[in-house]
Amino acid sequence: MPFRLLWGFLAREGMREGEALALSWADLDPERGAVRLDKNKTDDPRACALDPHVAMALAIYRKTRRKDEEATETVFVDERGQKLSKFGLAQIVRDHLDQ
């Protein structure tokens, strides 16, 4: 489930993988459908609207799977709850596509 959410997020939001992997719950406002990127490649903080379905999926995921976590916790983690790195992410995508 965590990777499926990440792949959908990246495909629909067009965010760089490093930006997505650095997101914490505090950066997201699924109820309002917004994401805030304070740290990014251009060092230009910005906020943008989320696709309504992405916002809904994130809200459900948080409420059902990650409800007890602090706002500072990373949104996208692996199956064991470990923080993901953008290094090796392409191989994980290829492995998932082969399944």
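Rule-based calculations on the coordinates, nothing more; no lab input. Because the structure is predicted, anything quoted here is derived from the model rather than measured. Neighbour counts are summed over all protein chains in view; Cβ atoms, including those assigned to glycine, are modelled from backbone coordinates with ideal geometry.
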Hey, in the GNM for the chain with a 10 angstrom Cα cutoff, which one of Leu89, Leu37, Leu28 fluctuates hardest?
Leu89
Ala49 and Lys67 label points (each 7 Å along its Cα→Cβ direction) are spaced in nm at 3.0
Lys67: which aspartates and glutamates have alpha carbons under 12 Å from its alpha carbon, excluding same-chain residues fewer than 8 sequence positions away?
none
Put a dot 7 Å past each Cα toward the Cβ at Glu13 and Ile92; how far apart are the dots in nm?
1.5
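Hey, what number do you get for the chain at 222 nm if only DSSP H runs of n ≥ 4 count, each worth -39500 (n - 2.57), divided across all residues, to the nearest 500? List each step's numbers first, then the result.
Numbers: 4 runs with 42 residues, N = 99.
The per-residue figure over the chain is -12500 deg cm²/dmol.
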Report the residues of region 51-82 in range of a label on Asp38: point 7 Å along Cα→C-beta, backbone N strictly under 15 Å from it.
71-75
The local net charge around Val54, scoring Lys/Arg +1 and Asp/Glu -1 for residues other than Val54 whose Cβ lies under 10 Å from its Cβ, equals -1
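If you put +1 on each Lys and Arg Cβ and -1 on each Asp and Glu Cβ, how big is the dipole of the chain around its Cα centre, in Debye rounded to 20? Intermediate values should be presented prior to the final figure.
On the way: 17 positive and 18 negative charges, 27 e Å.
The calculated dipole for the chain is roughly 140 debye.
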Show me the ranking of peptides 53-61, 74-82 by mean Cβ neighbours inside 10 Å, starting with the highest.
53-61, 74-82
